[in-house]
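**Student:** Take a look at the following structure, please.
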Amino acid sequence: MSKDIRGRSTTNNLTRKGGTNMSKYMRIVGTAFILAIAATTLGSPSPTLAADPATIDREVAAALNVLYNTTPSAQTIAASAKAVLVFPNIVKAGFIVGAQYGDGAMLVKGKTVGYYNVLAASYGFQAGVQSFGYAMFLMTDSARAYLNQSGGWEIGVGPSVVVLDEGMARNLTTTTMQDDVYAFVFGQQGLMAGAGVQGSKITRINP
């Protein structure tokens with residue numbers, strides 16, 4: 001079960017990035033399209049273009065710093081989470097057919113315990129490139145076990161996921177946190193709307 005709650009929107013325009021970052025984004029965009037096509041025609045592909053572990057760890061730490069600084073309630077939720085799954089730089093691009101892809105890591109008590117990628121495809125009129133991050137707070141041992149045992153978690157199947165905005169997050173307490181997973185979608189300026197997690201598939205990788 002998946003429930004989406006709108007948050008504040010801030011678009012991160014990739015065209016403002018420098019040459020080095022643009023090359024990186026174009027590589028990820030190309031990977032996203034290839035993997036999305038493979039996923040829709042052949043099933044779950046084996047990722048081969050993941051970033052190296054040190055790069056993922058560094059980007060995860062930077063992304064969490066941005067999230068906690070812009071949305072302090074996220075850090076409160078993190079204190080009660082069994083694990084935190086962070087995808088610091090998901091690139092979404094499309095024209096008629098869209099795809100999004102990113103690498104990330106799972107943290108337990110601040111330590112990396114595994115690496116993952118997230119992949120999604122979409123159809124319909126769309127154009128442009130967008131970058132954002134996911135942070136998913138796994139609140140139960142069963143949610144963490146499902147991710148590690150399912151061979152790939154398609155959001156919307158399995159553990160319940162609630163995508164939070166800042167107001168909703170502030171109102172959560174240890175007694176009202178009843179869902180399996182709480183997620184934030186965010187950019188450099190804070191939480192974002194219009195970039196949901198429904199239909200995304202998360203798979204463990206060995207970069």
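FYI, it's all coordinate maths here, none of it is from the lab. Model, not experiment: these values are computed from the prediction. When we count neighbours, we look across all protein chains shown, and the Cβ atoms used for this are built from the backbone with ideal geometry, even at glycine.
**Student:** Sticking with the crude label model, points 7 Å out along Cα→Cβ, report the distance from residue 61 to residue 154 in nm, one decimal please.
**Tutor:** 3.7 nm
**Student:** If you don't mind, another one. Based on other C-beta atoms within 10 Å, arrange 111, 92, 201 from fewest to most.
**Tutor:** 111, 201, 92
**Student:** Take residue 52 and residue 68, extend 7 Å from each Cα along the Cα→Cβ direction, and tell me the distance between the two endpoints in nm.
**Tutor:** 2.6 nm
**Student:** Please find the FRET efficiency linking residue 113 to residue 170, where r is the Cβ-Cβ separation and R0 is fixed at 35 Å, and quote it to the nearest 0.05.
**Tutor:** On the way: r = 29 Å, r/R0 = 0.82.
So the FRET efficiency works out to roughly 0.75.
**Student:** Just want the ordering: 200, 73, 131, from fewest to most Cβ atoms lying within 10 Å of their own Cβ.
**Tutor:** Numbers: 200 21, 73 17, 131 24.
Listing 200, 73, 131 from fewest to most nearby Cβ atoms yields 73, 200, 131.
**Student:** Among the aspartates and glutamates, which have Cα under 17 Å from the Cα of residue 109 when same-chain residues fewer than 8 positions away are ignored?
**Tutor:** Result set, ordered by chain and number: 57, 141.
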